[in-house]
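Notes follow once the structure below has been shown.
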Amino acid sequence: MKTITSKLHTRQRNYLLIFGLLYLGSGIVIHFTEGYSLSNWWHIILGIGMLALLGYRFYTKGLFSVIKWNEEKLVLKAPEQKHIIFKRNQIKSLKLTDKSLTINAGLGSGEMFDLNYFKAEDIAFFNKDFIKEEATQPEAYSLAEA
């Protein structure tokens with residue numbers, strides 16, 4: 001499958017990093033100033049857990065948006081969401097702008113996908129390879145309408 005991947009979604013990364021460091025730091029400071037307490041350990045464990053979760057999301061690419069396609073299907077994945085799969089013959093129309101991809105698959109089935117973190121070259125490649133190819137197929141609907 002051909003794939004394009006977005007840049008890092010900084011908002012999802014920053015909240016885990018900031019709160020993980022705050023919990024870890026506050027737990028360590030309170031631990032050394034006030035002594036042993038269950039709440040001190042809870043802050044330390046929570047901070048380490050948030051930083052570990054951030055590392056896991058980096059490892060599994062959970063903080064990136066991904067668009068995959070081939071001649072049979074289109075797969076979209078936003079950060080912290082499941083894969084959304086559209087079969088090529090189910091797609092009624094596609095509308096691609098600089099900021100979003102709108103897919104209409106008919107009768108309440110469709111998706112609006114944010115393209116803010118994708119590079120312009122990747123969007124142009126997707127447009128040329130998937131959308132323009134889709135438009136040349138005889139069974140395709142008008143892809144300029146959405």
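Details
- Residues being at pLDDT below 80 and of a type outside the set (Asp, Glu) - total across the range 112-145: 10
- Taking the numbered list (1) surrounded by fewer than 14 Cβ atoms within 10 Å (Cβ to Cβ); (2) in contact with a strand residue (DSSP E or B) (Cβ under 6 Å, 6 or more places away or on another chain); (3) over 19 Å from residue 11 (Cβ atoms) in turn, residue 112 passes all entries but (3).
- Of residues in the range 27-73 being charged (D, E, K, R) and surrounded by 16 or more Cβ atoms within 10 Å (Cβ to Cβ), the one farthest from residue 2 (Cα to Cα): 57
- Just one of the listed residues (36, 117) is of a type outside the set (D, E, K, R) and either part of a helix (DSSP H, G or I) or closer than 18 Å to residue 11 by Cα (or both), namely 117.
- Subset of the range 76-87 that is in a loop (DSSP other than H, G, I, E, B) and surrounded by 15 or more Cβ atoms within 10 Å (Cβ to Cβ) - its residue that is modelled with the highest pLDDT: 78
- Residue within the range 53-75 that is touching a Phe, Trp or Tyr at 6+ places or on another chain (Cβ under 6 Å), under 21 Å from residue 120 (Cα atoms), of a type in the set (Lys, Arg) and not in a strand (DSSP E or B) present: no
The values are calculated or read from the model by the stated rules, or taken from the named source; none is laboratory data. This one's a predicted model, so the numbers in the text were calculated from it and none came from an experiment. Cβ sites come from the backbone with ideal geometry, for glycine too, and all protein chains shown count toward neighbours.
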